[in-house]
Amino acid sequence: MTTPKDINKLRQDITFNETLNGFPFTFHTTWGIFSPRSIDEGTLLLLKYVEVNKDSDCLDLGCGYGPLGLTLARMAPEGRTTLVDRDFKAIEYSQKNAEINKIGNVDILLSNGFDQIQGKKFDIIVSNIPAKVGNELMTLFFHDAYTQLKPGGKIYVVTINGLRDYIKRTFKDIFGNYKKLKQGKNYTVAMASKE
């Protein structure tokens, strides 16, 4: 039988430390946010391949509690990184993690895709895309990403391997190019650029 003490423990933040791209972080998360106990395999793989200049303006689409976006903000200290998610709890924890890790060059917004950031332009867009999003919504995201990338800007995504062919077709259709950066056991990292 679950006791009130057990319930109270479940309500407490999950906390862990992780080093991402050479930067130490403390993350607070909670149940209901993607991969609450550790950084997921797809995020770790994507971070190995994303290239960011120190003054890049970046976007983390579907930020969760912030591991991708906050790492990009650290990699681009002279730029500005925007983190968006449609889940208010994800936004709450991204904001908390930005404060805990003393990262100030970020904007963290509740947004369904690009809805709340229309008109902003980015050098780099990253996303760890959940398979359950569906091809229709991904297609909308990629069209919006193309519009909001600066000339020469790049989009990096990590997906389960089952979506690899869809990403290749869609990137070639929208961006006119596609590059597979890494195919791991479960995930593929791909990139396209706005030429």
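The values are calculated or read from the model by the stated rules, or taken from the named source; none is laboratory data. Keep in mind that this is a model prediction, so the values were computed, not measured. Note that we place each Cβ from the backbone using ideal geometry, even for glycine, and neighbour counts take in every protein chain shown.
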In segment 166-195, what residues are over 19 Å from Asn135 (Cβ atoms), touching a strand residue (DSSP E or B) at 6+ places or on another chain (Cβ under 8 Å), surrounded by fewer than 17 Cβ atoms within 10 Å (Cβ to Cβ) and among the charged types (D, E, K, R)?
-> Lys179, Lys182, Glu195
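With respect to Lys154, determine if the residue is surrounded by 16 or more Cβ atoms within 10 Å (Cβ to Cβ) and more than 17 Å from the chain's Cα centre (by Cα). Working first, answer last.
Details: surrounded by 16 or more Cβ atoms within 10 Å (Cβ to Cβ): yes; more than 17 Å from the chain's Cα centre (by Cα): no.
It is false that Lys154 is surrounded by 16 or more Cβ atoms within 10 Å (Cβ to Cβ) and more than 17 Å from the chain's Cα centre (by Cα).
Name the single residue that is surrounded by the most Cβ atoms within 10 Å (Cβ to Cβ) among those in segment 1-34 being of a type in the set (D, E, K, R) and farther than 24 Å from Ile129 by Cβ. Steps first, please.
Pass one, segment 1-34, residues of a type in the set (D, E, K, R): 5-6, 9, 11, 13, 18.
Among the residues that remain, those that are also farther than 24 Å from Ile129 by Cβ are: 5-6, 9, 11, 13.
Values: Lys5: 8, Asp6: 9, Lys9: 9, Arg11: 8, Asp13: 11.
Only one residue fits best here, namely Asp13.
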Across segment 65-95, what is the number of residues that are in contact (Cβ under 8 Å) with a residue 40 or more places away in the chain, part of a loop (DSSP other than H, G, I, E, B), in contact with a helix residue (DSSP H, G or I) (Cβ under 9 Å, 6 or more places away or on another chain) and within 23 Å of Tyr187 (Cβ to Cβ)?
-> 1
Filter result (free of Cβ contacts under 8 Å to residues at least 60 places away in the same chain, within 22 Å of Val52 (Cβ to Cβ) and among the aliphatic types (A, V, I, L, M)) within segment 147-173 | Leu149, Ile155, Ile167
Would you mind finding the one in Ile100, Ile14, Ile33 that is in contact with a Pro (Cβ under 6 Å, 6 or more places away or on another chain) and not aromatic (Phe, Trp, Tyr)?
-> Ile14
Listed residues Val189, Val126, Val157; which is assigned to a strand (DSSP E or B) and in contact with a Cys (Cβ under 8 Å, 6 or more places away or on another chain)?
-> Val126
Going by the structure shown, is Ile117 among the β-branched types (Val, Ile, Thr) and under 22 Å from Ser35 (Cα atoms)?
-> no
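Among the candidates Gly113, Gly104, single out the residue that is at pLDDT below 95 and not in a helix (DSSP H, G or I).
Details: Gly104 fails: at pLDDT below 95.
Going through Gly113, Gly104 in turn, the sole match is Gly113.
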Just checking, how many residues over segment 27-64 are assigned to a loop (DSSP other than H, G, I, E, B) and within 22 Å of Ser193 (Cα to Cα)?
-> 10
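Given the residues Leu163, Leu149, which is the only one that is closer than 25 Å to Ser35 by Cβ and surrounded by 13 or more Cβ atoms within 10 Å (Cβ to Cβ)? Write out each step before concluding.
Values: Leu149 fails: closer than 25 Å to Ser35 by Cβ.
So the residue among Leu163, Leu149 that is closer than 25 Å to Ser35 by Cβ and surrounded by 13 or more Cβ atoms within 10 Å (Cβ to Cβ) is Leu163.
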Here are some conditions: (1) in contact (Cβ under 8 Å) with a residue 40 or more places away in the chain; (2) crowded, with 22+ Cβ neighbours inside 10 Å; (3) not polar (S, T, N, Q). Glu51 meets all but one. Which one does it not meet?
-> (2)
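Please verify whether Lys121 is farther than 16 Å from Met191 by Cα, surrounded by fewer than 20 Cβ atoms within 10 Å (Cβ to Cβ) and touching a Leu at 6+ places or on another chain (Cβ under 8 Å), treating the condition exactly as stated.
Considered against the rule, which asks whether it is farther than 16 Å from Met191 by Cα, surrounded by fewer than 20 Cβ atoms within 10 Å (Cβ to Cβ) and touching a Leu at 6+ places or on another chain (Cβ under 8 Å), Lys121 comes out as yes.
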